[in-house]
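To start, the structure under review is shown below, and the notes come after it.
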Amino acid sequence: MQVELKDILIAARQESHRMQHYYIGVEHLFIALLDIRGGLMRSILEERGMTPDYIIDAVRQKVGKGSKRRLWAGTPSTPRTSAVLSLANVTALKEGRNEVNECDLLTAILREGESIPVRVLRRLGLDTEEMIALARTSRPWQSVTQNYVEIEINPNMSYGLALTEEQRLILRRMFYGYARIRVESSLTGGYSGALLLVVTPMHTDGRVDAAVVVKIAEADDILDEATRYDTHIKNTLPPLTARIEDKPVAPDVCTQAGIKYTLVAQQDKPPQDLRTAAADMSPAQLATWLHQQLYAQFGRTWWQQHRTFNFLGWTEYDWLLPPILTIQRVPDRDIPANTPVLHAPFNRGKLKDIEYGETVVLENFIVQRLYPKEHALQLSIGRGNEATRRAFKVRVSNVDFEESFHYRGEVIERLVGRVWETRDDTLYHAALKLEPQFSLKGDKLHIPALPGPPLFNPLQAYEDLLYFHVEGATSKIHGDLHLGNILVGPYDSAFLIDFAHSRDGHTAFDWAMLEISLLSERIMPLVSGDWDAVYEVLLYVEALNKRTEFPTFNHELEVAFVPLRTLRAIAQRCLNDEHNWMEYHVALVFCALRALTWETMNLGARRLMLLLAALSVEACHQPAAHHQRFPKPDQLDDTEF
């Protein structure tokens, strides 16, 4: 049974009032169609790998919220809405009906073709002509049905895998048409909490298809990644590597979604992430692989295509750090006259005088993420390039989603909150958990166990680097290049997965991120993790910075650092000025400070991150030392380096 127009108009008026528009536009009609549970439009979107909420947010973001002040009585229709309703009525009359239903209205909106919702659909890569055909043939009030796909877990997995019912539903939808699938292994992934699986699909007649990698995460994150892949990545990949070929699977009943990376794989050898594969490589082999596989395969269309990029540090790296403020929302009334007002973007100097418990007013921030279960929002400045749009983050708690209506991309004209924590507080408390043997107060870290003068305190120095003018290089970057997102495929070929942060950005960021991963996951497991061991590792990092020979007091560490020296040699080729390392150390400071807050990282590695950030700040203040050529590792080809 089709939903009639009168019911759709009621929902459209409600949407109009939520958005403070007080008129009926095509966008309100379209969102009303998406709000119909089990409705036609929701079914069509699910078949195309989209969720209604994702499309609704995209339309709302494009339209924007209106003013609280009403300038007219009633809720009139726009001329475009009248034209669409007339077209829908003509469609109904042609079919011998006097009442317009949801199919007539949806078809009219798609055929009219110039409204904001249709432009949003096209921007997201949806074919409106195909959707019109589906609208005329699909049956509403039925969710997309799938055959039952049996899910097996490889008994040879070294540890058990517990899949939730939601994850099982996504896998069955993703492999519709197969008789069963076998989960071969679980990739270690990163720190986002996404589930990464190597899956082998099998037909009813016993035929086995090539293994693929499946990622299951929050629906918005998956759909954003698919859009980012189409925009930045799809046309720049080497011939043999992981690709997103199919649309995301985003069941309407799930909060999560799935995406499939197809790749060339040997049947008897599923792909491994580099974190796992490196365990079977010697340090020299890993160094060679980074150069001859990873850099060689992706460098030509990514990192080697770098060009000059002058930027302020915050525009590329502010988003890596904790929120500048964490506040509790309070009623917007009886605000003291001297209450600080923060306009986005604002002078960070204002934050120095803001303390715990103080009331602040935020204006013109953008809703970046919603956390309804936690009654929280994450705001950002929402301007500039893709990194800048995630800068100036503010975490807002105590949000009543039933009383106050919010959506991703919404401009918050005004919000009042009480300060719960500042960014400085967050970083300081994260550093305190490391149980340091030195004071975290002051501009310098006085560490008696380390030779030489005191190190700059990164907890104090990072703010200046955010406003440091970097003369760097930009190119296509992965945006989260760590050992879990790099796969080793057949014949030791390199694959990359997880393009959630891929974009055009600071080239050095990828290599700084990979250095953090190597230090925390390949170097620190070799030592105890106590402070004396961290100091020892830091001496090897200092040798990297100064481009001198490694210390010889720990042969195992000396050998283990060989891949790091190769990585630095690769990174040097990606600098704007190959003799000036300042831009690399800026990236390293912020990558290390980001990792400092990851409690999933072991204690010893986080201790190293604090001192690595300090050492990198020190390097940023020694420009004379940057004009030295990095020694060429023996295993690298002279034609490349």
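Values in this text are rule-based calculations from the coordinates and carry no lab data. The structure displayed is predicted, hence computed values, not measured ones. Neighbour counts are summed over all protein chains in view; Cβ atoms, including those assigned to glycine, are modelled from backbone coordinates with ideal geometry.
Values as computed for the structure displayed
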read-out: Taking the convex hull of Cα positions in the chain, its mean projected area over all directions (nm²); value: 31.7 nm²
read-out: Two-decimal Rg/Rh across segment 5-137, once Rg and the Kirkwood Rh are taken from alpha-carbon atoms; value: 0.95
read-out: By average C-beta atoms within 10 angstrom, highest first, the peptides 521-532, 598-609; value: 598-609, 521-532
read-out: Dipole of the chain, positive direction: furthest Cα of Phe405, Val26, Leu377, with charges on the beta-carbon; value: Val26
read-out: Principal axes of segment 317-429: Cα extent on each, largest first, Å; value: 36, 31, 26
read-out: Two-site label geometry, Asp353 and Ser404: point separation in nm, points 7 Å out along Cα→Cβ; value: 2.5 nm
read-out: Exposure proxy order (Cβ contacts within 10 Å, fewest to most) of Phe550, Phe30; value: Phe550, Phe30
read-out: Whole-percent pair-distance distribution, where bins are 10 Å wide, for the alpha carbons of segment 150-269; value: 13, 45, 35, 7
read-out: Simple Cβ-charge dipole of the chain, Lys/Arg +1 and Asp/Glu -1, about Cα centre, in debye nearest 20; value: 1460 debye
read-out: Length gained when the stretch Ser86-Thr548 is fully extended (0.36 nm per residue, less Cα-Cα span); value: 158.6 nm
read-out: Lysines whose Cα lies under 27 Å from that of Lys260, excluding same-chain neighbours fewer than 8 positions away; value: Lys215, Lys234, Lys247, Lys269, Lys476
read-out: Efficiency of FRET from Cβ geometry, Tyr23 and Arg122, R₀ 25 Å, rounded to 0.05; value: 0.55
read-out: D_trans [Stokes-Einstein, Kirkwood Rh over alpha-carbon pairs] for segment 537-622, 20 °C, 1.002 mPa s, µm² s⁻¹; value: 157 µm²/s
read-out: FRET efficiency, Ser282 to Glu166 (Cβ-Cβ, R0 35 Å, nearest 0.05); value: 0.25
read-out: Only Lys, Arg (+1) and Asp, Glu (-1) charged, at Cβ; segment 317-429 dipole about Cα centre in debye; value: 400 debye
read-out: Modelled label reach - Glu129, point 7 Å along Cα→Cβ, segment 73-116 residues with backbone N closer than 16 Å; value: 110-114
read-out: Angle in degrees between helix 219-228 and the longest Cα principal axis of the chain, rounded to the nearest 10; value: 80 degrees
read-out: Listed residue (Tyr148, Ser115, Gln256) projecting farthest to the positive dipole end of the chain, Cβ model; value: Ser115
